[in-house]
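The values are calculated or read from the model by the stated rules, or taken from the named source; none is laboratory data. Please read all numbers here as calculations on a predicted model, not as lab measurements. Please note: Cβ atoms are built from the backbone with ideal geometry, for glycine as well, and neighbour counts cover all protein chains shown.
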Amino acid sequence: MQKITLAIHGGAGTILREDMTPELEQLYLTGLEEALLAGYTILEKSGTASNAVIAAVSALENNVLFNAGRGSVFTKRGEHEMDASIMEGKNLEAGAVAGVKNVRNPIQLANEIMLHSHHVFLSGQGAFEFALQQKLALESDDYFYSQFRYEQWKAVRDTNNYMLDHSQHETEKLLKDKKFGTVGAVACDAFGNLAAATSTGGMTNKQFNRIGDTPVIGSGTYANNNTCAISCTGHGELFIRAVAAYDVSCLMEYKGLSLHEAMNIVVNDKLVKINGEGGMIGVDTKGNFALLFNSEGMYRGVKNNENYQEISIYR
Ligand code: ASP
């Protein structure tokens, strides 16, 4: 029997039990579970891997706790610019969007770009106009405003620092409240097809028009039915330089490594050597999965048709 599997993440970084209240922890766990079920229900009904990852990522984008869609962090100019991408393992189809504003679900825009444009990657105003054409849901700036993200930004906006939504930098010590973000999902469906999707608001106080790894196919997101589907989270500049997601696929394809072995090399060796803090989730065509990170924690979950379900935060 084909194993069906869905894995999700809600960002990696300095996530410590002592910084969390039981109530907040419960909200995160509930948010992760809702997203996991939104995607898994589709797989269970023989839906496609891409529909499952879109459903899971959309649920996380709609949850203000996660740094994507509604809960996106502030740029240096006090705006929200979102990045997202999706890839299908069957035909290596991909869609990506960078620096888009006011689109409720950037992952759905990435999917529209994959399905209905002649392009793979749109940015800024062009991406926004394409969202209009495709009649995607739009939201005013207020929708993306949240007090805790504003406080996060206020603590660093007069500096040249930018920060992972979830890392313990000097400036973050000013913050009582550590919130974490960037979301992603990977799936293997009943037909053995793979898909990966990732969506983010990026890094707090990032230079406007800065683009991270999330929408870069091969860095933040990659899927190939010959190897794996991968979605990353972490310090994007380093994930771009490491071509992190594609490197896992290459290690599997050219070196014959397993998914877990390949991810372990990239996350715990190659990225660590260049100070690339973060993690990734992956599945292969047999439905095997791995959720690895080199940071203190990663919001994550996985579910398969062998009755396995896990939702966790810390190491
Ligand atoms: N990778 C994202 C970026 O650099 C941030 C994150 O994963 O939290 O934009």
Original post:
Does region 184-195 hold any residues that are more than 9 Å from the ligand (Cβ to nearest atom) and assigned to a strand (DSSP E or B), and which are they?
Top reply: Ala185, Val186, Ala187, Cys188, Leu194, Ala195
**OP:** Being part of a strand (DSSP E or B) and within 20 Å of Arg77 (Cα to Cα) is the filter; apply it to region 196-250 and report the residue that is nearest to the ligand (Cβ to nearest atom).
**Re:** Thr200
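Matching residues to (1) in contact (Cβ under 8 Å) with a residue 24 or more places away in the chain; (2) out of contact with any helix residue (DSSP H, G or I) (no Cβ under 9 Å at 6 or more places or on another chain); (3) assigned to a strand (DSSP E or B); (4) surrounded by fewer than 20 Cβ atoms within 10 Å (Cβ to Cβ):
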position	(1), (2), (3), (4)
Glu34	yes, no, no, yes
Thr41	no, no, no, yes
Ser46	yes, yes, no, yes
Asn51	no, no, no, yes
Ala55	no, no, no, no
**OP:** Please go through region 32-87 and pick out each residue that is over 18 Å from Thr204 (Cα atoms) and of a type in the set (Lys, Arg).
**Re:** Lys45
Original post:
What are the residues in region 8-26 that are out of contact with any Phe, Trp or Tyr (no Cβ under 7 Å at 6 or more places or on another chain), of a type outside the set (Ser, Thr, Tyr) and in a loop (DSSP other than H, G, I, E, B), if any?
Top reply: Leu16, Met20
**OP:** Considering every residue within region 101-111, establish whether at least one is at pLDDT below 95 and in contact with a strand residue (DSSP E or B) (Cβ under 8 Å, 6 or more places away or on another chain).
**Re:** no
Subject >> All positions within region 57-100 that are more than 14 Å from the chain's Cα centre (by Cα), part of a strand (DSSP E or B) and more than 28 Å from Arg157 (Cα to Cα) >> reply: Glu88, Ala94, Gly95
**OP:** Being at pLDDT 95 or above and among the polar types (S, T, N, Q) is the filter; apply it to region 295-315 and report the residue that is surrounded by the fewest Cβ atoms within 10 Å (Cβ to Cβ).
**Re:** Asn307
Original post:
So which residues in region 184-211 are crowded, with 24+ Cβ neighbours inside 10 Å, at pLDDT 95 or above and over 14 Å from Leu92 (Cα atoms), if there are any at all?
Top reply: Gly184, Ala185, Val186, Ala187, Cys188, Asp189, Thr198, Ser199, Thr200
